[in-house]
Amino acid sequence: MKKFILSLLAALFCFAADAQLPDITQEIYKERVALMDEFMQRFNSRDSISETSDSLTRQQSIVTILRLFNLSNFSSPEDPMLTAATEFASAAVDSCVFISYPDSAWTAFATCHGIYRKQPVTFVLELKVARRGPDMYKWVISGVEGELFSLPPIDTGKGFYIFPDSHETNFMALSDLTDSHTESIRLYADPSVTIDPLSAFFAMVYGGQLKIDHVKPLEFRFRQVPGWEFTVRQFERDNLNSGWLIDAIEKL
């Protein structure tokens, strides 16, 4: 089987290398994985494998998935990374895994560029698919990554505390905290308090302090294949191997 797969992939390497030639523009357009829906269709468009399936059918199904990899990650058909990719593709075929939009085992990671208090910021939003009715779905925000949402104080030192007798003055000091010490408010918290980044994100947007300008890049992570996670990213290039492709795999 390995010899069969390597021979086909060797042809793919040569095919991709010729993609700069002007007379195959239509082939580039046809091979390019333009949309994530198209990626899913190609991932799923392999023959069903059963105990009675012949070896050739299984090998062809494995190659169908390997064609969805970012081939620039492999230096040659003998690259160890290609061996791992083949192991992954074999696992996908043997487990009869198929992926679809309403599947709960995939997640989008959107790198957002925006403005917070008139300053440029970058952070990553995690989104998942959720049901919103019979045969109806939507994307929902499920997480956020970024130092901004840990509410890092702009000041340092030990002088940030509420005086022990503040209760005798109805905690008048709290007015000053919310007026002049807003960006150091975390220093006044109990040391055991942890900040929930997602709650901080929602509060910043709710208060009109955080606005998203655009998203780039965008990636999707899938965990449908037993024992594996794979990441799909977009590659814009004049090449047969372009569009939404598997750029990383991790054995769990």
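Taking all protein chains together and a 1.4 Å probe, the residues Ile212, Ile65 rank Ile212, Ile65 from largest to smallest accessible area. Pop a pseudo-label 7 angstrom from the Cα along the beta-carbon direction at both Glu38 and Ser142 and give the gap in nm to one decimal. About 2.7 nm, to one decimal. For region 75-223, relative contact order (Cα pairs under 8 Å, six or more residues apart, normalised by length) works out to 32 percent. Here the Karplus relation 6.51 cos²θ - 1.76 cosθ + 1.60, evaluated at θ = phi - 60°, turns the backbone of region 238-251 into coupling constants of 7, 8, 4, 9, 8, x, 7, 9, 6, 10, 7, 9, 9, 8 Hz, with x for every Gly and Pro. On the basis of the beta-carbon distance and an R0 of 35 Å, Phe98 and Asp179 show a calculated FRET efficiency of 0.05. Accessible area ranking (1.4 Å probe, heavy atoms, ligands and nucleic acids excluded), largest first, for Tyr137, Tyr206: Tyr206, Tyr137. Here region 86-176 is assigned +1 on the Cβ of each Lys and Arg and -1 on the Cβ of each Asp and Glu. Its dipole about the Cα centre then comes out at about 380 debye. Summing Cβ point charges (Lys, Arg +1; Asp, Glu -1) relative to the Cα centre of region 119-252 gives a dipole of roughly 760 debye. Each residue of region 209-216 is assigned a 3J(HN,Hα), and the resulting list reads 8, 10, 10, 9, 8, 7, 10, 5 Hz, derived from the Karplus form 6.51 cos²θ - 1.76 cosθ + 1.60 (θ = phi - 60°), x at Gly and Pro.
Overall, region 174-224 carries a charge dipole of about 440 debye about its Cα centre when +1 sits on the Cβ of Lys and Arg and -1 on the Cβ of Asp and Glu, all other atoms neutral. Remark: for residue pairs Lys30/Lys251; Lys30/Lys216; Lys138/Lys211; Lys211/Lys251; Lys128/Lys251, the C-alpha separation exceeds 27 Å in Lys30/Lys251; Lys211/Lys251.
Between Asp247 and Thr83, the FRET efficiency from the beta-carbon distance, with R0 = 22 Å, is close to 0.80. Separation of region 174-247 and region 54-104 by C-alpha centroid, Å? Going from one Cα centre to the other spans 30 Å.
Sites listed here are GluC sites (Glu not before Pro) in region 177-252 whose DSSP assignment is loop and whose Cβ has at most 10 other Cβ atoms within 10 Å: Glu236.
The values are calculated or read from the model by the stated rules, or taken from the named source; none is laboratory data. Please read all numbers here as calculations on a predicted model, not as lab measurements. Don't worry about glycine lacking a Cβ; one is built from the backbone with ideal geometry, like all the others, and counts go over all protein chains shown. The area values use the complete protein model at the heavy-atom level, side chains included, leaving out ligands, DNA and RNA. Shrake-Rupley method; radii C 1.70, N 1.55, O 1.52, S 1.80 Å.
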